[in-house]
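So the structure is just underneath, and the comments pick up after that.
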Amino acid sequence: IQTGHTLDDPKRNKMHSDDLFLRSPEQMLAANVGFEDAVERTLEIVEKCDDEIDLKSLYLPEYEVPDGFTRESYLEKLARDGLEARLAQVRVMGAEPDPAVYEERLKTELEIIISMGYAGYYLIVWDFIAESKKRGIPVGPGRGSGAGSLVAYCVRITELDPVQYGLLFERFLNPERVSMPDFDVDFCKNRRDEVIQYVAEHYGQDRVGQIATFHQLKARSVVRDVGRAMGMLFPEVDRIAKLVPDPGQGAKITIPKALEMEPRLRSEYEVNPQVKELLDYAERLEGLHRHAGTHAGGVVIAPRLLWEHVPVFLGPTGQMATQYDKDMAEACGLVKFDLLGLKTMTVLDTAVKLVNKRRDREEPLDLMGLALDDAKAYEVVQAGDTTGVFQMESRGFRDLIRRLKPDRFEEVIAVLALYRPGPLQGGMVDDYVERKHGRQPITYIDDRLKDVLEETYGIIVYQEQVMKAGQILAGFTLGAADIMRRAMGKKKPEVMDQQRRLFVEGCAKNDIGDAKANEIFDLIDKFAGYGFNKSHSAAYALIAYHTSWLKAHYPVEFLAALLTCDSDDTDRVAVLVAEGRHQGYGFLPPDINESEHDFG
């Protein structure tokens, strides 16, 4: 399989010895008569090898700060300066923030970040994002739980106000459960490699590496690989491979399990000797690693030479990569940074540039300065006219938003969190729609949770709402409430029993009886299984809003940007051209005197 030869190829690699195994001490001595001393010395060499990998320490690269600052004081200065700018921005957009609330939260976050030793981590992420913006590389507004950090918002790692939208810092960094913060950052897909190159140049090419991924021989793919090596015709191999049930239908599929589940495959196996040989080989090989690759966006930065921390290899394009996957690299104390490519960031950047070329615009368009209450943008969403709108293009999503008719940003956040198999199959989505339109009464698990659940019509949609429930009803800190939330997600009986006991004890202090507290815990647990990370949903809702705003106000430029970014996908171009013609736009053929390289 590895060399691309077939079994009947006379030039294929063969094992010309049956001695390819580790011999026992007795076998080694018998094979080296007269050289017994050399055999004994191998133990001496082993005993001199005392190097160990430290699995307890954390190895962050040193971020160089200006003279007169420590990493901690520099992060604090950036955050406090940034807070002033952010509050001014919030006022310009029509809100009137309470500075005291922001000041107190900023102070708390900084204390936690500094006490846990993560000031340097924030500065590293701030640095490569700031450099990307300086170079004009489009950067996403945030993703994942990092959007819940006010410090991140103040230093412009993220672009959505976590205070205004009820996003929780403790969902990102919990002082009661030590774990690495993890900022995932979206960049323009065409220029992400520039960011990785900057990081490598800034910290040292020999200290930066991408993370390995290992591709396994799985049931269907191993059948195809073995069939190719056996010299079987592709249509026959493909027919057999397709009889292996799709792993998406349930648990992990193996060759023995496939033979149990699919009678036609079992019949072929029993009747056709070649198919039996094919599946026997496949069964022995499945689960092995087929080849190593590199993670789409995972990068580690070491404080010294990378190979002094983990073994390395050169990836497909010659870049250095760890021989460990992301979990093992992190276990060795290296910090992972996810620098991801997102096509929508490229679309937005292209569309904005086209808009800013228009002669009728007095001020350049800045999407991050838009108010989030534009009626025309919501009309696009409500009508299901969402070709090109981020994460809202599928038929099922269009059906949902036509029923729901989101008319405010909070509902865009909710709909992105709800459109998943769990809420759809569990009836939560239907309840949400019915309650929004007044066809079903709004009820609350407990009236004390009204302020937390009011925006989602009494339904727990977000993990953050689970955390707030623990805080309000049981007196948990948000850190302890996050531990409860995680326990509900993992469903480990012993951990759940412990959390239930703590919850009931906490509720008793708020005059909630044991029976009622247990009932509430069960209800929260039921919803927690479907709960989504609100910080991630809110950050991606911002991208969805920006795409719908452009489609509403500058449809031609937006369509041209979509065509440009999908120009290598003929099927997608056909869909977009049909969309444009449906909207009444004409398409001119290329003109050597008029056309530019891209659409538009």
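The values are calculated or read from the model by the stated rules, or taken from the named source; none is laboratory data. As the structure is a computational prediction, the values presented were derived from the model and not from experiment. We place every Cβ from the backbone using ideal geometry, glycine too, and count neighbours over all the protein chains shown. The protein model used for the area step is the full one, side chains on, heavy atoms only, and it has no ligands, DNA or RNA in it. Shrake-Rupley method; radii C 1.70, N 1.55, O 1.52, S 1.80 Å.
Data for the structure
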read-out	value
Residue match in the range 52-62 (condition: part of a loop (DSSP other than H, G, I, E, B), within 27 Å of the chain's Cα centre (by Cα), farther than 19 Å from Asp184 by Cα and of a type in the set (Ser, Thr, Tyr))	yes
Yes/no for Glu494 being more than 17 Å from Arg408 (Cα to Cα) and either crowded, with 23+ Cβ neighbours inside 10 Å or of a type in the set (Asp, Glu) (or both)	yes
Any hit, the range 9-22, residues being surrounded by 10 or more Cβ atoms within 10 Å (Cβ to Cβ) and in contact with a helix residue (DSSP H, G or I) (Cβ under 6 Å, 6 or more places away or on another chain)	no
Test: residue in the range 64-80 that is among the aromatic types (Phe, Trp, Tyr), crowded, with 21+ Cβ neighbours inside 10 Å and at pLDDT 95 or above	no
Sole exception among (1) open to solvent by 70 Å² or more (accessible area, probe 1.4 Å); (2) touching a helix residue (DSSP H, G or I) at 6+ places or on another chain (Cβ under 9 Å); (3) outside any loop (DSSP other than H, G, I, E, B) for Lys336, by number	(1)
Enumerated helices (runs of 4 or more DSSP H) restricted to the range 364-436, each holding at least 3 residues that are among the β-branched types (Val, Ile, Thr) and farther than 20 Å from Tyr554 by Cα	409-418
Count - residues of the range 180-216 that are of a type outside the set (D, E, K, R), closer than 19 Å to Leu58 by Cβ and under 17 Å from the mean Cα position of the chain (by Cα)	4
Every residue from the range 578-600 that is over 21 Å from Val355 (Cβ atoms) and either among the aliphatic types (A, V, I, L, M) or at pLDDT 85 or above (or both)	Ala578, Arg581, His582, Ile592
Yes/no for Thr70 being more than 30 Å from Ser115 (Cβ to Cβ) and of a type outside the set (A, V, I, L, M)	no
Count of the range 553-567 residues which are open to solvent by 20 Å² or more (accessible area, probe 1.4 Å), part of a helix (DSSP H, G or I) and either closer than 14 Å to Leu348 by Cβ or not hydrophobic (A, V, I, L, M, F, W, C) (or both)	4
Unique match (being surrounded by 20 or more Cβ atoms within 10 Å (Cβ to Cβ), more than 17 Å from Asp349 (Cβ to Cβ), within 30 Å of the chain's Cα centre (by Cα) and at pLDDT below 95) among Ala528, Ala541	Ala528
Per-region count, the range 187-209, residues closer than 22 Å to His309 by Cβ and in a loop (DSSP other than H, G, I, E, B)	4
So Arg220, is it among the charged types (D, E, K, R) and either in contact (Cβ under 8 Å) with a residue 60 or more places away in the chain or in a loop (DSSP other than H, G, I, E, B) (or both)	no
Count of the range 390-426 residues which are under 22 Å from Ser535 (Cα atoms), open to solvent by 20 Å² or more (accessible area, probe 1.4 Å), among the acidic types (Asp, Glu) and free of Cβ contacts under 8 Å to residues at least 40 places away in the same chain	2
Residue check, Glu111 open to solvent by 40 Å² or more (accessible area, probe 1.4 Å) and either of a type in the set (S, T, N, Q) or part of a helix (DSSP H, G or I) (or both)	yes
Scan of the range 120-171 for residues that are among the polar types (S, T, N, Q) and either open to solvent by 10 Å² or more (accessible area, probe 1.4 Å) or under 13 Å from Phe183 (Cα atoms) (or both), ordered by number	Ser145, Ser149, Thr158, Gln164
Sole residue being surrounded by 14 or more Cβ atoms within 10 Å (Cβ to Cβ) and more than 25 Å from Val335 (Cβ to Cβ), chosen from Arg41, Arg86	Arg86
Filter result (under 25 Å from Met345 (Cα atoms) and either in contact with a Phe, Trp or Tyr (Cβ under 6 Å, 6 or more places away or on another chain) or of a type in the set (Val, Ile, Thr) (or both)) within the range 163-197	Val163, Pro181, Val185, Val195, Ile196
Residue under evaluation Met345, criteria (1) within 24 Å of the chain's Cα centre (by Cα); (2) farther than 29 Å from Asp161 by Cβ, criterion not met	(2)
Yes/no for Tyr281 being open to solvent by 10 Å² or more (accessible area, probe 1.4 Å), of a type in the set (Ser, Thr, Tyr) and touching a helix residue (DSSP H, G or I) at 6+ places or on another chain (Cβ under 7 Å)	yes
Cβ pairs under 8 Å, 6+ apart, first in the range 469-494 and modelled with pLDDT under 95 and of a type in the set (Val, Ile, Thr), second outside any helix (DSSP H, G or I) and open to solvent by 10 Å² or more (accessible area, probe 1.4 Å)	Thr477/Glu176; Ile483/Glu176; Ile483/Arg177
Flag if Asp327 is without any contact (Cβ under 8 Å) to a residue 24 or more places away in the chain and either over 23 Å from Arg191 (Cβ atoms) or open to solvent by less than 20 Å² (accessible area, probe 1.4 Å) (or both)	yes
Options Ile460, Ile445; residue that is touching a helix residue (DSSP H, G or I) at 6+ places or on another chain (Cβ under 9 Å), modelled with pLDDT under 95, open to solvent by less than 10 Å² (accessible area, probe 1.4 Å) and not in a helix (DSSP H, G or I)	Ile460
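Matching residues to (1) more than 28 Å from Phe337 (Cα to Cα); (2) within 25 Å of the chain's Cα centre (by Cα); (3) among the polar types (S, T, N, Q):
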position: Asp81; (1), (2), (3): no, no, no
position: Arg91; (1), (2), (3): yes, no, no
position: Val125; (1), (2), (3): no, yes, no
position: Tyr153; (1), (2), (3): no, yes, no
